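Following: one structure in structure tokens, then a few remarks.
The values are calculated or read from the model by the stated rules, or taken from the named source; none is laboratory data. All values derive from a computational prediction rather than experimental measurement. Here the Cβ is made from the backbone with ideal geometry for all residues, glycine too, and neighbour counts use every protein chain on show. Quick note on the areas: whole protein, heavy atoms, side chains included, nothing else; ligands and nucleic acids left out. Shrake-Rupley method; radii C 1.70, N 1.55, O 1.52, S 1.80 Å.
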Amino acid sequence: MASWVVSECSLRPFTAVKIHHKPRPSLPSNTINAFKFKPLPCSAFKVPTLWSKGRNLGGLGLLNVSAPLKVTITSEEDKGKEESTTDGVNNGEFDPGAAPPFKLSDIKAAIPKHCWVKDPWRSMSYVVRDVVVVFGLAAVAAYFNNWFVWPLYWIAQGTMFWALFVLGHDCVAGHLLHSSILVPYHGWRISHRTHHQNHGHIENDESWHPLSEKIYKSLDNATRLLRFTLPFPMLAYPIYLWSRSPGKKGSHFHPDSDLFVPNERKDIITSTACWTAMVGLLAYLSFAMGPMPLLKLYGIPYAIFVMWLDLVTYLHHHGHDEKLPWYRGKEWSYLRGGLTTLDRDYGWINNIHHDIGTHVIHHLFPQIPHYHLIEATEAAKPVLGKYYREPKKSGPLPFYLLGILIKSMRKDHYVSDIGDVVYYQTDPQLYGTNKSD
């Protein structure tokens with residue numbers, strides 16, 4: 001029988017994700033898997049909603065596209081099987097790789113019911129706000145047209161492009177918003193769903209997952225160096241859309257890619273067509289207004305947007321002071337994988353990019369709208385305990401994140417090919433000298 005999940009925008013069939021378990025050589029053969037999830041009918045997990053599939057607002061298709069993973073909570077009789085009841089303490093020290101003493105349902109129960117409710121008009125207000133700001137910034141920059149204004153405009157507009165991406169991420173007019181910043185909406189949506197369904201899994205995660213030692217050593221020296229030398233990793237997103245990560249094949253633009261199943265083919269063709277139309281519009285504008293004005297108005301802000309996207313997505317899964325685990329095989333579970341994500345504080349930018357820094361709860365429960373994430377996070381903290389890593393407080397602008405990024409790029413290179421709970425290792429020869437200290 002088909003299993004169903006409640007999505008942010010509709011009720012959709014759940015597509016199983018294959019996880020290829022590897023044997024654990026260091027454990028006895030009678031080791032059991034204590035981490036199991038059972039799909040139930042959608043009545044087992046009810047999330048209030050104000051908008052149903054097929055309805056839209058103003059022709060924008062509001063909440064009419066499936067969001068990433070929606071969590072199915074197991075029945076009462078199976079709750080005790082979700083996770084083991086260890087307290088995460090090993091020899092008196094907290095072990096982030098140990099199974100937590102709480103269940104996914106415990107976290108869900110701690111979050112107020114109204115945090116699950118989506119207000120389509122409120123969601124739409126954020127779209128209107130951001131679009132008005134984007135056009136306003138472009139008008140001001142074009143009016144003054146001097147080299148004092150342009151750098152300020154590039155940073156501000158690139159940040160607003162990133163804000164539009166986050167709104168599309170929340171499934172609000174996603175097609176229009178993502179196409180306008182050269183992101184193929186459905187291709188991204190499906191791969192991002194895979195990321196949520198497999199977060200923290202070495203082989204099956206999709207976004208900034210670790211390279212295994214074998215794959216890492218198979219790369220030529222130039223590729224390895226570029227991957228871990230700034231600013232190149234912060235410009236990687238367009239390349240990822242075309243060819244994914246090392247060790248994986250396929251494209252977000254091709255309907256026959258390994259990323260997709262046959263019944264998603266039409267969606268991919270549609271989003272690729274929208275992306276192509278945007279490229280065509282930019283080509284027309286280049287002829288109409290000249291390539292240099294287009295570069296200043298759109299090209300450089302687009303590059304800033306890509307940097308924001310790569311920076312935020314990387315640091316939500318890397319760069320903690322203490323190394324965090326990655327899982328494979330029987331040690332992985334949806335909850336344990338989700339608990340390896342990190343919240344970040346972005347100062348003034350928090351509101352601009354719609355509180356995407358509250359990433360732990362977003363990963364565990366993607367159906368919670370962005371305007372409830374802060375409250376939901378505060379409510380969940382007592383349950384999460386030490387498994388929640390309080391983010392460092394930022395100044396007005398999050399310059400401190402650059403230091404964290406540089407440190408992580410120097411140290412987090414690959415993980416072992418063996419073991420079901422592994423941590424990043426450092427290649428001391430990557431830069432020609434030992435830079436791991």
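Structure above, values below:
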| item | result |
| --- | --- |
| Probe 1.4 Å - accessible area at S180, Å² to nearest ten | 40 Å² |
| Rounded to the nearest 10 Å², the accessible area of I269 at probe 1.4 Å | 90 Å² |
| Computed lengthening from A139 to L225, 0.36 nm per intervening residue step minus Cα-Cα distance | 26.9 nm |
| Positive-end residue of W188, S207, I269, charge dipole of the stretch 117-425 with Cβ unit charges | S207 |
| Lys/Arg +1, Asp/Glu -1 at C-beta; the stretch 117-425 dipole; positive extreme among Q425, V128, M278 | Q425 |
| Whole-angstrom Cα spans of the stretch 198-310 along principal axes, big to small | 50, 39, 23 |
| Electrostatic dipole magnitude of the stretch 280-413 [Cβ: Lys, Arg +1; Asp, Glu -1; Cα centre; debye, to 20] | 400 debye |
| Pair K248, F287: separation of 7 Å Cα→Cβ label points (nm) | 3.7 nm |
| Separation in nanometres of the label points that stand 7 Å from Cα toward Cβ, at S218 and E93 | 3.4 nm |
| Sites A109 and W147, calculated FRET efficiency, Cβ-Cβ separation with R0 35 Å, nearest 0.05 | 0.05 |
| Relative contact order (%) - the stretch 117-425, alpha-carbon pairs under 8 angstrom, separation at least six | 22 percent |
| Magnitude of the charge dipole, the stretch 117-425, Cβ model with Lys/Arg +1 and Asp/Glu -1, debye to 20 | 320 debye |
| Projected-area average for the stretch 117-425 over all orientations - Cα convex hull basis, square nanometres | 17.0 nm² |
